[in-house]
1. Kindly list, by first and then second residue, each pair from a residue in region 159-177 that is within 14 Å of Ile191 (Cβ to Cβ) to a residue that is open to solvent by 60 Å² or more (accessible area, probe 1.4 Å) and modelled with pLDDT under 95, limited to pairs with Cβ atoms under 7 Å and residues at least 6 apart or on different chains.
2. Kindly provide the set of residues from region 94-119 that are open to solvent by 30 Å² or more (accessible area, probe 1.4 Å) and either in contact with a helix residue (DSSP H, G or I) (Cβ under 9 Å, 6 or more places away or on another chain) or hydroxyl-bearing (Ser, Thr, Tyr) (or both), ordered by number.
3. So which residues in region 63-75 are open to solvent by 30 Å² or more (accessible area, probe 1.4 Å) and at pLDDT 75 or above?
4. Filter region 84-106 down to the residues that are over 30 Å from Ser144 (Cβ atoms) and either modelled with pLDDT of 85 or more or β-branched (Val, Ile, Thr) (or both) and list them by number.
5. Testing Thr126 on (1) in contact with a Pro (Cβ under 6 Å, 6 or more places away or on another chain); (2) not in a helix (DSSP H, G or I), one condition comes back false. Which one is that?
6. Just the residues that are open to solvent by less than 50 Å² (accessible area, probe 1.4 Å) and touching a Phe, Trp or Tyr at 6+ places or on another chain (Cβ under 7 Å), please, taken from region 76-93.
7. Within region 42-62, how many residues turn out to be open to solvent by 80 Å² or more (accessible area, probe 1.4 Å) and either in a helix (DSSP H, G or I) or touching a Ser or Thr at 6+ places or on another chain (Cβ under 9 Å) (or both)?
8. Step by step: first the residues of region 180-198, then only those that are among the hydrophobic types (A, V, I, L, M, F, W, C) and part of a helix (DSSP H, G or I), then the one that is least open to solvent (accessible area, probe 1.4 Å). Which residue is that?
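The values are calculated or read from the model by the stated rules, or taken from the named source; none is laboratory data. Computed from a predicted model, the values in this text were never measured in an experiment. Using ideal geometry, Cβ is built from the backbone for each residue, glycine included, and neighbour counts are taken over all protein chains shown. Just the protein is used for accessible areas: all its heavy atoms, side chains included, with ligands, DNA and RNA removed. Shrake-Rupley method; radii C 1.70, N 1.55, O 1.52, S 1.80 Å.
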Amino acid sequence: MLVLLPLLIFTYPLVLHLGVYFGHVELALVYLGIMLTLPFLFALLRQKKPVAWQIITAGLAFILLLLEKENYQLIIKLIPLSVNSLLLWLFASTLGKDRIPLITRFASLMRKDMPPAVIIYTRWATVAWSAYFLLMTILLFLFSVYASLEAWSFFSNILSYFLLAMMFLAEFTVRRIFLRKYMNYSFTEFIQRLRHIDFRSVYKSTSIKP
C-alpha cells in the first residue's frame with residue numbers, strides 16, 4: 001500500500017481529466033472510490049483493526065458511489081476546492097500571534113540551527129504560500145461556477161499542478177537568493193530532506209531555537 005496508494009493519488013487528476021474529455025466521468029469516480037477504500041481493505045487483509053481515518057475514507061467511498069449518478073459534477077468539483085481550502089487553512093492558521101509559521105516548522109525539522117534570517121524568511125514564505133492557496137481556491141471556485149466542465153477540468157487537473165510546481169521552484173529559487181549563506185544543499189537534496197520528515201511532528205513544534 002505504501003507504493004500503490006500514492007500512485008493512485010498522483011494519477012487521479014489525469015484519470016479524471018481523461019474521464020471528462022472522453023465523457024466517462026463515472027469511471028474516474030469509481031477509481032476514486034477504490035482509492036478511498038484501499039486503506040480499509042489493506043487493514044482487513046493484514047488482519048488488523050481499521051483505524052478511524054480508514055473507516056471514514058471507506059464510508060466516504062460508499063457515499064460517493066451512492067451519490068455519483070446525479071451529482072457527479074458537484075462531487076468532482078468539490079474535491080480540489082476542498083483540498084486547496086484545507087491547504088490554505090493549514091498555512092494561514094499558523095500565522096497567528098504566538099504561533100510558529102508552518103514553513104518555519106518544516107525548516108526547524110530539516111536543520112539543527114535556526115538563524116534569525118531563516119526564521120524571518122520562513123514566516124514570509126508561509127505568507128506567500130497562504131496567498132497562493134487563497135488565489136487557487138478563488139480561481140477553482142470561479143472555474144467551478146462559470147466555466148465549462150472541460151475548461152474546469154483542464155485548469156483543475158492539469159494547469160493547477162503546473163502552477164504548483166512553478167510556485168515550488170520559484171519559492172526555492174528566492175530562498176537560495178535570500179538565504180544563500182545558510183543553504184548548503186541542492187534542490188534534489190531539499191526534496192530528499194522533505195521526504196524524511198515525520199509530518200506528524202510538524203504540528204507538535206512548540207518552540208524554535210535560534
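1. If the second residue must be open to solvent by 60 Å² or more (accessible area, probe 1.4 Å) and modelled with pLDDT under 95, the pairs left are Phe172/Phe187.
2. Listed by number, the residues that qualify are Leu95, Arg99, Phe106, Ser108, Leu109, Met110, Arg111, Asp113, Ala117, Ile119.
3. Keep residues of region 63-75 that are open to solvent by 30 Å² or more (accessible area, probe 1.4 Å), which gives 63, 65-74.
Once the filter is applied, which keeps residues that are open to solvent by 30 Å² or more (accessible area, probe 1.4 Å) and at pLDDT 75 or above, region 63-75 yields Tyr72, Gln73, Leu74.
4. Initial filter on region 84-106 (over 30 Å from Ser144 (Cβ atoms)): 97-100, 104-106.
The answer is Arg99, Ile100, Thr104, Arg105, Phe106.
5. (2)
6. The answer is Lys77, Leu81, Asn84, Leu88, Phe91.
7. Initial filter on region 42-62 (open to solvent by 80 Å² or more (accessible area, probe 1.4 Å)): 44-49, 53, 55-56, 60, 62.
Of the ones still in play, those that are also either in a helix (DSSP H, G or I) or touching a Ser or Thr at 6+ places or on another chain (Cβ under 9 Å) (or both) are 44-45, 53, 55-56, 60, 62.
Result for region 42-62: 7.
8. First, the residues of region 180-198 that are among the hydrophobic types (A, V, I, L, M, F, W, C): 183, 187, 190-191, 194, 197.
Remaining after also requiring part of a helix (DSSP H, G or I): 187, 190-191, 194.
Numbers: Phe187: 68, Phe190: 11, Ile191: 58, Leu194: 37 Å².
Once the filter is applied, the top-ranked residue is Phe190.
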